[in-house]
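Note sheet for the following structure.
The values are calculated or read from the model by the stated rules, or taken from the named source; none is laboratory data. Given the structure is predicted, the values throughout are model-derived calculations rather than measurements. Because the Cβ atoms are built from the backbone with ideal geometry, glycine has one as well, and the counts that use them run over all protein chains shown.
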Amino acid sequence: MIAKPFTAWSALFVACSGLAVLAGAGRSPATHPDLEPDSPQDRQAAAALPLVVFIAAEPEYDSPSSLESLRQSLDPERFRAVLLKPAPNQNADNNLPGTEAIDEAAAVVIYARFQRWPAKQLAPLERHLKRGGAIVALRTSTHAFAYDPASPLSSWNSFGPRVLGAPWIYHYGHDSSTAVTIDDTNREDPLLTGVGAFTSRSWLYCLNPPSTPTLGTFPPAKARVLLRGRSLDKSGAAPADRPVEPVAWTLENEWHGRVFATTLGHPDDFKNEGFVRLLRNAIEWTSEPRENATPAEDQPSRDTK
């Protein structure tokens, strides 16, 4: 993906890669019924709609079910949408059929963890990024890839900090939950329309640990934080030593693509109407046509050849 690999983050993510195995079953969008309307007139009308490609490439949070429900909630008169899953099952981490659909995508919604797709399958995602394509990323996508440090694809291990604005560092445990509030500065942001404070079952990701400030500040200063979260322990109390963290933000990445990222995404979060509304708002915002979008690269970089 990236001509200047982040070796420090690569080492961090690869060290974490032993914690889980990934992925699921998929099929090519060339034969996906969502991209095949019934009549020629329907096909012509559908072809004019922006395409949203959903990628569910992690098994821990049942992302295929969550993203499928989100996909079905989109207005079919405004978007086409296809869901990609790993093959041969959700525990696979090195095969995501159908990524060629990304070359048509107005936006890519990604929920991935420790993936190792082959270069050919990564190339469409790289082209999408380089042309300023939109990204909507959930939770474990801060550590979406985990290639061996010796791999020519190892720079993809920095996808979280470089593309989304945050890495994976640690969380507060599966028995905890998160009190989510609107950021005071940005509470009038249109993406927050229909969104209020809520309690998330997602255990909070610590992005700015007080003990290791040298890692940096995440998300970066250029990001627009929409939601913040305070970790609650099993009793529902908020321990004082757990700092309030950003849990949803937007930014423009180095290729001038719009990015929405959230560290939330537990299956129970998708039962919250406000959270689902936030994701739909993000898809609409990121996929808006932009006059200053740069052309797609004809060939992937040396990292994905």
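Restricting attention to the range 242-257 and to residues that are hydrophobic (A, V, I, L, M, F, W, C) and more than 22 Å from Thr178 (Cα to Cα), the residue that is surrounded by the most Cβ atoms within 10 Å (Cβ to Cβ) turns out to be Leu251. Would you confirm whether any residue within the range 64-82 is surrounded by 19 or more Cβ atoms within 10 Å (Cβ to Cβ) and either at pLDDT below 95 or within 22 Å of Leu153 (Cβ to Cβ) (or both)? No, the range 64-82 contains no residue that is surrounded by 19 or more Cβ atoms within 10 Å (Cβ to Cβ) and either at pLDDT below 95 or within 22 Å of Leu153 (Cβ to Cβ) (or both). For the range 119-174, what are the residues that are at pLDDT 95 or above and in a strand (DSSP E or B)? Across the range 119-174, the qualifying residues are Ala134, Ile135, Val136, Ala137, Leu138, Phe145.
Is it true that Thr286 is touching an Asp or Glu at 6+ places or on another chain (Cβ under 9 Å), buried (at least 18 other Cβ atoms within 10 Å of the Cβ) and either modelled with pLDDT of 95 or more or not aromatic (Phe, Trp, Tyr) (or both)? So Thr286 does not fit the description; no. Pairs meeting the criteria (first residue in the range 76-95 and closer than 30 Å to Ser151 by Cα, second residue assigned to a loop (DSSP other than H, G, I, E, B) and basic (Lys, Arg), beta carbons under 7 Å, at least 6 apart or on different chains) are Asp93/Arg116; Asn94/Arg116.
This table checks each residue for (1) of a type outside the set (Val, Ile, Thr); (2) surrounded by fewer than 21 Cβ atoms within 10 Å (Cβ to Cβ); (3) in contact with a Cys (Cβ under 7 Å, 6 or more places away or on another chain); (4) modelled with pLDDT under 95.
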| position | (1), (2), (3), (4) |
| --- | --- |
| Ala221 | yes, yes, no, yes |
| Val225 | no, yes, no, no |
| Ala237 | yes, yes, no, no |
| Ala240 | yes, yes, no, yes |
| Asp268 | yes, yes, no, no |
| Glu273 | yes, yes, no, no |
